[in-house]
1. Suppose the filter is in contact with a strand residue (DSSP E or B) (Cβ under 8 Å, 6 or more places away or on another chain), surrounded by 12 or more Cβ atoms within 10 Å (Cβ to Cβ) and under 22 Å from residue 106 (Cβ atoms); does residue 39 pass it?
2. Suppose we filter the range 10-55 for residues that are out of contact with any helix residue (DSSP H, G or I) (no Cβ under 9 Å at 6 or more places or on another chain), closer than 25 Å to residue 101 by Cα and in contact (Cβ under 8 Å) with a residue 40 or more places away in the chain; how many remain?
3. Looking only at residues that are acidic (Asp, Glu) and at pLDDT 80 or above in the range 54-63, which one is nearest to residue 80 (Cα to Cα)?
4. Of everything in the range 76-97 that's under 21 Å from residue 116 (Cα atoms) and open to solvent by less than 70 Å² (accessible area, probe 1.4 Å), which residue is modelled with the lowest pLDDT?
5. Could you check how many residues of the range 91-114 are touching a helix residue (DSSP H, G or I) at 6+ places or on another chain (Cβ under 7 Å) and part of a helix (DSSP H, G or I)?
6. Taking the range 103-113 on its own, how many of its residues are at pLDDT 90 or above and open to solvent by 30 Å² or more (accessible area, probe 1.4 Å)?
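The values are calculated or read from the model by the stated rules, or taken from the named source; none is laboratory data. Everything quoted here is computed from the prediction, not taken from an experiment. Cβ coordinates were reconstructed from backbone atoms using ideal geometry, including for glycine residues, and neighbour counts include every protein chain displayed. Just the protein is used for accessible areas: all its heavy atoms, side chains included, with ligands, DNA and RNA removed. Shrake-Rupley method; radii C 1.70, N 1.55, O 1.52, S 1.80 Å.
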Amino acid sequence: MKYNTGDKVLITVGDHAGKRGRVASVRSVRTYPYYVKVYGDVIRYVWYSEMELEPDMIPDAVKADSVNHPGHYTWLPNGLEVIDLTEHMNFNRGNAVKYLARAGRKSKQTELEDLKKARWYIQREISRLEKT
């Protein structure tokens, strides 16, 4: 067995892909030996195979940094942050991606607002392109 109870993992497939969790228990069956507590808006427990998980390599100090590495931007697999994508885009497109990525992750109360902001930046970019 690769993981032990208490190990922090990153889910790589399915509905919870990109979410982090902690192994809650391990059983000796071959198919789905790891019972993982999946963190998110709702905490869930799901059985996973070894191939559906990878070690969570982002240190707790980085995940807890609400200024430099806020959790609603650091949920992507392999330590990729939303800014790693958006800094390669123009302002309108980058902001649209930012708001799409954080919708429902920063706060459930602002999920709809974040989606509307993303739509606003997309429409602004479309208008800009139509003028040229």
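1. yes
2. 3
3. The qualifying residue nearest to residue 80 (Cα to Cα) is 56.
4. 82
5. So the answer is 12.
6. 5
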